[in-house]
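The values are calculated or read from the model by the stated rules, or taken from the named source; none is laboratory data. Being a predicted model, the structure only gives us computed values, none of them experimental. Reconstructed Cβ throughout: ideal geometry from the backbone, glycine too, with neighbour counts over all protein chains shown. Surface accessibility is based on the protein's heavy atoms, side chains included, excluding ligands, DNA and RNA. Shrake-Rupley method; radii C 1.70, N 1.55, O 1.52, S 1.80 Å.
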Amino acid sequence: MPDVTAPANNAAPEAAAKVDRSHKGEAMPTYQFQDGAGKTVTLADFRGKPVLVNLWATWCAPCVREMPTLDTLAARDKASLHVLTVSQDMEPAKVQPFLTERKLANLVAYRDADLKFSTGMNASLPTTILYDASGKELWRVTGGMDWAGAEAAKLIGEAKG
């Protein structure tokens, strides 16, 4: 007879296994990207509090699924955390309509049309990276995650504590 508690027990280690700490301590990249108004920015512009950078695209199914949780996180933690969703779409004009249609009002349509983040960091989508307030990487997660959930809160807490 199968153990009915196995799926729940296996869920946490599986999520934890996705956390990559091999880049811990590395400085945030200096890549330029555009904010929702088309102004050029870099990650350094957000120093002073922890920065959660999510690399995503409108065509990426796991990215689309996790966007509402990132929106919830951005609303909930805006005083203590910058949540930057940086689109890797080759057609930047699709990004703002995507956010608007899905009522993701707490996310800014940051765009990296040159794909500097995904190619320069050898990242598949979605990849989410947490930097501390001084701009040093703590960890990265590849694949979709519930960013409004308890596991994410615990991980993000590492930058605040």
*Does at least one position in the stretch 87-100 carry a residue that is open to solvent by less than 80 Å² (accessible area, probe 1.4 Å), touching a residue at least 12 places away in the same chain (Cβ under 8 Å) and of a type in the set (K, R)?*
no
*Filter the stretch 122-143 down to residues that are out of contact with any strand residue (DSSP E or B) (no Cβ under 7 Å at 6 or more places or on another chain) and open to solvent by 30 Å² or more (accessible area, probe 1.4 Å) and give me whichever is farthest from T42 (Cα to Cα).*
N122
*Would you point out which residue out of D20, D89 is more than 21 Å from D132 (Cα to Cα) and not polar (S, T, N, Q)?*
D89
*Could you give every pair whose Cβ atoms fall below 9 Å, whose first residue belongs to the stretch 58-85 and is open to solvent by 60 Å² or more (accessible area, probe 1.4 Å), and whose second residue is part of a helix (DSSP H, G or I), counting only separations of at least 6 or pairs across chains?*
W59/K94
_Among the listed residues E91, E101, E66, identify the single one that is of a type in the set (D, E) and modelled with pLDDT under 95._
E91
*Give the residues of the stretch 32-57 that are closer than 28 Å to K154 by Cα and open to solvent by 40 Å² or more (accessible area, probe 1.4 Å), sorted by residue number.*
A44, D45, R47, G48, K49
